[in-house]
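The block underneath contains the structure these notes are about, expressed in structure tokens.
Derivation of every value follows stated rules applied to the coordinates shown; laboratory data play no part. Values in this document were obtained by computation on a predicted structure and should not be read as measured data. All Cβ positions, glycine included, derive from the backbone under ideal geometry; neighbour counts span all protein chains shown.
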Amino acid sequence: MIENNVHYHVDWSTFQRSKVEGQCNGDSYFAKETDDYFICIVADGLGSGQAAHDASTKTVKVVEEHHNKNVDTLMSLCNKSLQYTRGAVLTIFKVHFKKNLLEYCGVGNIRLIIGQPSGKIVHAIPKSGFLSGKPAKFDVREIEYQAGFMFIAYSDGIELSSPDKRNVMKSQNPKAAASYLRQKCSIIADDMTFVIGKVT
Ligand SMILES: [Mn+2]
């Protein structure tokens, strides 16, 4: 199901589908806009089914509860929350409206792509591996953005070609991009989740 949210700075659409219909999704996400920032996490629990769902849900709860903290702190808290789970891969990003700055950090196979209004597409490169509560250092990066940029964060159940990425970034709005992608993603190899947004 596609969900659409229209807020003051950010319009975003999300879509999730389980690999096996009726089975719980091992991916989780959370997105929230405040007066000062927009924050989003997409997480994929290792394996599939309930154990994967439990792991990814823990990280999402951390971000829900602590969304005012910086990305580095959130990564550490998420990592801690994954102790005694199978582990998860995740990407967290925070858009600071006043500074025109996007802060991001990822571990493992969750992709984050930024489409600037100039047409430039930036791939946020995650660190390889996964988190399971073991001590880890995080490499938080920043991108200066132009108003009107689009982003997409998605789990590895989705594969996007270069033309797909360009089409998403050229879409009029996240809702249109989401329905385009939903059609594209009819073959299900894994749980899938994407969050597409436009920031003005
Ligand atoms: Mn996956």
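For this structure, a couple of remarks:
- Filter on Lys80/Lys184; Lys98/Lys184; Lys61/Lys98; Lys19/Lys58 - keep pairs with C-alpha separation over 29 Å: Lys80/Lys184; Lys98/Lys184
- Placing a label point 7 Å from the Cα of Asn5 along the Cα-to-Cβ direction, no residue of region 117-147 has a backbone N closer than 14 Å.
- Radius of gyration and Dmax over the Cα atoms of the chain, both given in Å: 15.5, 45
- Over region 2-199, relative contact order from alpha-carbon pairs under 8 Å, at least 6 apart, %: 25 percent
- Check: region 148-200 dipole with +1 on Lys, Arg Cβ and -1 on Asp, Glu Cβ, in debye: 400 debye
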